[in-house]
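Data first, discussion second: the structure below is written as structure tokens.
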Amino acid sequence: MSFYNTINETGEQLKESTKKAGNQYERILDFFKKNDTQLLTPPQIRGYVFGNSVPLTSVRRAVTDLTNDDKLTMTPVMRKGEYGKMNHCWKLNDNLKPQLDIFND
């Protein structure tokens, strides 16, 4: 849940940007936990989670961080996205999905 400070922000501005990045990370993870069978592209994630109110680059950053943290998995499934380009789909990492307890059913 990093803010990549490539523009050398400092002070309150850096603090606010870092907070927003963490919020985006958490909101995307929460969405996938509630929709644990979904396969979604970054533009789809943006639409479902943020209603297109955040930049796609921010969504891609959060998805990359979630993938690096073993919370999301990039799949081989691809869908046509914005500008007609193919995009990979992501899913919730299997280790975060609820496990069925076959012994207590």
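The values are calculated or read from the model by the stated rules, or taken from the named source; none is laboratory data. None of these values were measured; they are calculated from a predicted model. Here Cβ is always computed from backbone atoms with ideal geometry, including for glycine, and neighbour counts include all displayed protein chains.
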Filter result for Thr6 (assigned to a helix (DSSP H, G or I) and either modelled with pLDDT under 90 or in contact with a Leu (Cβ under 6 Å, 6 or more places away or on another chain) (or both)) | no
Would you please name the residue that is surrounded by the most Cβ atoms within 10 Å (Cβ to Cβ), looking only at residues in region 26-58 that are of a type in the set (Gly, Ala, Ser) and either part of a helix (DSSP H, G or I) or under 9 Å from the mean Cα position of the chain (by Cα) (or both)?
-> Ser58
Flagged pairs (Cβ under 6 angstrom, 6 or more apart or on separate chains; first in region 92-105, under 21 Å from Thr73 (Cα atoms); second modelled with pLDDT of 80 or more and loosely packed, with under 13 Cβ neighbours inside 10 Å) are Asn93/Asp70
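Identify, please: which residue in region 59-72 is crowded, with 17+ Cβ neighbours inside 10 Å and without any contact (Cβ under 8 Å) to a residue 40 or more places away in the chain and is, among those, farthest from Gln24 (Cα to Cα)?
Val63
Quick one: in region 9-25, which of the residues that are modelled with pLDDT of 70 or more and within 16 Å of the chain's Cα centre (by Cα) is surrounded by the most Cβ atoms within 10 Å (Cβ to Cβ)? Walk me through it before giving the result.
The first filter runs over region 9-25 and keeps only residues modelled with pLDDT of 70 or more, leaving 11-12, 16, 23-25.
After this cut, where a residue has to be within 16 Å of the chain's Cα centre (by Cα) as well, the list is 23-25.
Details: Asn23: 13, Gln24: 25, Tyr25: 21.
Of everything passing the filter in region 9-25, Gln24 is surrounded by the most Cβ atoms within 10 Å (Cβ to Cβ).
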